[in-house]
Amino acid sequence: DIQMTQSPSSVSASVGDRVTITCRASQGISSWLAWYQQKPGKAPKLLIYSASRLQSGVPSRFSGSGSGTDFTLTISNLQPEDFATYYCQQANSFPYTFGQGTRLDLK
Amino acid sequence: QITLKESGPTLVKPTQTLTLTCTFSGFSLTTAGVGVNWIRQAPGKALEWLAVIYWDDDKRYSPSLKTRLTITKDTSKNQVVLTMTNMDPVDTATYFCAQSSDWFDPWGQGTLVTVSS
């Protein structure tokens, strides 16, 4: 199985800040990576796919980059609705695997 | 608009078999490339992918749960069914279904299944 490791596990930030979350795959996955946002009690929502493609309807303050084993999710100009948990997911090979999540809290 | 909704028991006893149904609309599971996945999330834990079934009846399972899982589809009813045998308290989780080609989108709202005697 491909292991996905996110860092940090949690981060505190303020409205207007810029935050970067990283995701590392245990082996190369090309650009087969997605990012999801999950709010408490809700299903995850797809933000980014193919490492850097913004899902329709997702604000442009979200961006993704990387390929191979190292990936980043950047949120610019944090908004109140962005405080949530973020997960990366690889779709390079089965079994599909997720990172352990990064909780973004309001400072 | 694509929607998915999970249904099934909220409480099962240890050793019992869990049967969950994902009922969807807005797409067809006969369309090339389309799949429906099951993903679960134990309370306070990360997401765990369980299984997927594709339009052509190709099925893939999580290796760690493969012996306990069966995924099937009924295209006439727009449903995908997941069965999990020999349930254990560690299987307590919210179970989601999600459409995919490669990425999970959209998701159902999830259904919480508690395993307890």
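The values are calculated or read from the model by the stated rules, or taken from the named source; none is laboratory data. None of the values given here were measured: they were computed from a predicted structure. Cβ coordinates were reconstructed from backbone atoms using ideal geometry, including for glycine residues, and neighbour counts include every protein chain displayed. Just the protein is used for accessible areas: all its heavy atoms, side chains included, with ligands, DNA and RNA removed. Shrake-Rupley method; radii C 1.70, N 1.55, O 1.52, S 1.80 Å.
Per-residue SASA remark: residue B:115, around 10 Å² accessible (1.4 Å probe; ligands, DNA and RNA not included). Place a label point 7 angstrom from the Cα of residue B:117 along the Cα-to-Cβ direction, then list the residues of region B:9-50 whose backbone nitrogen is under 20 Å away. What the label zone holds, given the 20 Å backbone N cut-off, is B:10-18. With protein chains left intact and a 1.4 Å probe, residues in chain B average 45 Å² of accessible area per residue.
Couplings 3J(HN,Hα) of region A:26-31, computed from phi: 6, 8, x, 10, 6, 10 Hz, in residue order, whole Hz [Karplus 6.51 cos²θ - 1.76 cosθ + 1.60, θ = phi - 60°; x for Gly and Pro].
Residues of region B:55-74 with accessible area at least 20 Å² lower in the all-protein-chain context than alone (1.4 Å probe)? Residues shielded by partner chains are B:60, B:63. For residue B:67, the solvent-accessible surface computed with a 1.4 Å probe is close to 130 Å², ligands and nucleic acids excluded. Measuring spread by the Cα atoms of the protein assembly as shown yields a radius of gyration and Dmax of 17.3, 50 Å. For residue A:18, project a label point 7 Å along Cα to C-beta. Then give me every residue of region A:69-104 with its amide nitrogen under 14 Å of that point. Hits in region A:69-104 for residue A:18 at 14 Å: A:73-78.
Taking every lysine pair in chain B that is 8 or more places apart or spans two chains, those with Cα atoms closer than 27 Å amount to 14. Over all pairs of different C-alpha atoms in chain B, the reciprocal of the mean inverse distance, the Kirkwood hydrodynamic radius, equals 14.1 Å.
Taking each residue as 0.36 nm, the span from residue A:69 to residue A:30 lengthens on full extension beyond its C-alpha to C-alpha distance by 13.3 nm. Across region A:17-75, Cα pairs under 8 Å and at least six residues apart give a relative contact order of 41 percent. With Cα atoms as the point set, region A:20-66 shows a radius of gyration and Dmax of 11.4, 33 Å. Taking 8 Å as the Cα distance limit and 6 or more residues as the minimum spacing, I'd like the relative contact order of chain A as a percentage. Answer for chain A is 39 percent.
Relative to the 2.2 N^0.38 Å rule of thumb, chain A has a C-alpha radius of gyration ratio of 0.99.
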